[in-house]
Amino acid sequence: MKLKSFRILSNALLLSAALTSCESFLDKEPLSYVTPEDYLRSDDQIQAIANGFYTNVAPATLGAFSDGNTDIQAGLSANGMYAEGQWKVALDNSNWNWEQVRNLNYAINATLDRFEKGEIKGSTYNIEQYIGELYFFRAYRYFIMMRNWGDLPIVTEVMPANEEILVAANKRRPHNEVARFIIANLDTARTYLKDGFDATRNRVSRDVATLTKSRVALYEGTWLKYFSGTPFVANGEGWPGKSKDYNADYQYKAGSVENESKYFLEIAAEAAQEVAEKYKGQLTQNTGIVPQADSDVNPYFYMFGAVDMSVYPDILMWRAYDKSQSVTNSSEIAVQFGNWGVGVTRNGVERFVMNDGKPWYASHNGFAYDDSTIGSIREVTDPRLSIFLKEPGQKNIFKNMESSVTHSVPVEPVPDITNDDSQKGYSTGYTLRKGGTFDKALCENGLSYNGAISFRATEALLNYIEAEYLLTNNIQSGHILEYWKTIRTAAGFKGDAIDPMTTINATDMAMEKSDWGSYSAGKQLTDAVLFNIRRERCCELFGEGLRMFDLIRWRSFDQMIDEPYHVEGFHLWNTPMEVWYDQLVYDGSSSANVSSPEVSEYLRPYEKNMTSGNLFRNGYTWKMAHYLQPMPIRQFLLTAADHASVEQSSLYQNPYWPTTADMPAEK
């Protein structure tokens, strides 16, 4: 039999029905991405290879609706991970896909070999940049997979079509070793990457790799801190990796899980500081103005929806779109309506302090918090929420009004909370215009061409604040207060509100229970400083896709194992907003279009239908297993000696997940 090339550790390694022969395991279709021997011989060819990973690997945030399925944003339908028994072990899982890693391994190894031999034509400066990009993409792809799966095989070569070698390569290494590998790749990338290589900042730079290094290290440092002693870290009680001989005598390189956590937090602080020091004086400023005419100036607002983001120095990398090249998106259409049905929750609104720097429940000079209308919230809240929270009566467009594009909403209507349409529905009543442009020409369905942010320098300041505080437990340490005040100044706060101590001193943790970020390992924080560090992070990065990232690493879901969480939206009942609607049905039937005032005065988007068919009628629940995805059963069978017995596999299942397909988490 002729062996064909195939993808190591990929979901493309499909078993035959019987799983009985070596041929079933090895006889795979050729890899579509395989690079011919006469390629990767010039700088433009290496650039072309690197370009392909920008779409598949590099992140980009469009608009303000990327934190759905968390405590701060909610879609029209709930995610099954919050319902009993709905998330199950699968036979296959497309997320367990090593194709990009294999392709990157080939590209890196072939390029380095030819570069060292002088076999690549073109600019050395350019070649080094593209090599750095490839290392960055391998690191970032591994980071995505580590967050999904935890422990991973570490593979740097393209494996030959040999079953024994392939099975050996399937040995999972502990989460922290994978993080060390990722950081090592980022460090290598940083030696090749050039700041200033791309003036538009559409390509990876050294600053991007350094910021990502801080993100990865912060993730791992906090993961080890909050999951210490559990099966989710090496040598924790019940860690499944211990069952395999190759992990049986595992020792942390730093000596202990506590020291390993400290090691990563120190890296996070150091890398974050490098970026923060460079950009702390260049953060885009919020004027507090919601643009309603061409003369209204607010760089901070326009930054998130700009067509050309290169004019904002604190955007370290962004993705450009071009209608003439048929490279478009739908972000402006989403902002015109209900953000594709992803609304801001009550908790999301209440995360923001008032414009005097104090939480909503605190004693304020001259006003009391009032959420009976959206306007009354906007009038007194954090300048970031004030400019982004959509209010009925505001203009949604005022630029290029002569455009013939028809998918615009000239004036923001009352939130359409009874509409389940994925484009026009408002799930919670609260919706953001973050990422909006007010440009009618960009309102063609599916044909928007404003940019998408990949990395912002402000994250570096936030990463430093958290890492440094966790290392020292001292708010006066290093640059914590300096960076914090810098963020708040750019956010538009004035006077005492710039000082985070104003917020910290007014914080009552008993009033913060609806915020998942106030919990770690099932216990509410007692440290108001740490909680407000998390709060600031949430408010600055709101809707940009990092909330779930944070909640997972903080281990912020445990409390829902015993006490369900009720997602709430705006204050519907017994407020002026109630009269906006003529036909509200709240009888709990399958025809109900809002939740009952007997349940809460606040709209509960997942508790309208209270019949047994609604799995979320009693709120969100959680399982410990859900912090990681379950390993797909087919991978166990592929790596088992007999291709039939899970227990013979070199792999192991993630904590609390069974090794039988179509079964839910055990705990």
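What order, most packed first, do the peptides 293-301, 117-125 have when packing is the mean number of other Cβ atoms within 10 Å of each residue?
Listed from highest to lowest mean packing, they are 293-301, 117-125.
Relative contact order of the stretch 444-585, please, whole-number percent, based on alpha carbon pairs below 8 angstrom and at least 6 residues apart.
About 19 percent, as a whole number.
Listed highest first by mean packing, meaning other Cβ atoms within 10 Å per residue, what order do 332-340, 537-545 come in?
Per-residue Cβ counts within 10 Å, averaged per peptide and sorted highest first, yield 332-340, 537-545.
What order do you get for 619-630, 515-526 when each peptide is scored by the mean count of other beta carbon atoms within 10 Å, highest first?
Descending mean neighbour count gives 619-630, 515-526.
Normalised by the number of residues in the stretch 29-119, what is the relative contact order in percent for Cα pairs under 8 Å and 6+ residues apart?
The normalised contact order for the stretch 29-119 reaches 36 percent.
Can you list the residues, at least 5 places off or on another chain, whose amide H is less than 5 Å from the amide H of Gln285, using H built in the peptide plane?
Tyr300
Relative contact order (percent) for the chain, with alpha-carbon contacts under 8 angstrom and 6 or more residues of separation?
It comes to 19 percent, rounded to a whole number.
When the helix-only estimate is applied to the chain (DSSP H runs of n ≥ 4, each -39,500 (n - 2.57), divided by the residue count), what is the mean residue ellipticity at 222 nm, nearest 500 deg cm²/dmol?
Dividing the helical sum by the residues of the chain leaves -10500 deg cm²/dmol.
Based on Cβ point charges of +1 for Lys and Arg and -1 for Asp and Glu, what charge dipole magnitude is obtained for the stretch 224-349 about its Cα centre, in debye rounded to the nearest 20?
It comes to approximately 280 debye.
Rounded to the nearest 5, what is the percent of antiparallel bridges among the DSSP beta bridges in the chain?
90 percent
Each reported figure results from applying straightforward, stated rules to the coordinates on display, with no laboratory input. Computed from a predicted model, the values in this text were never measured in an experiment. Note: ideal-geometry Cβ built from the backbone for every residue, glycine included; neighbour counts use all protein chains shown.
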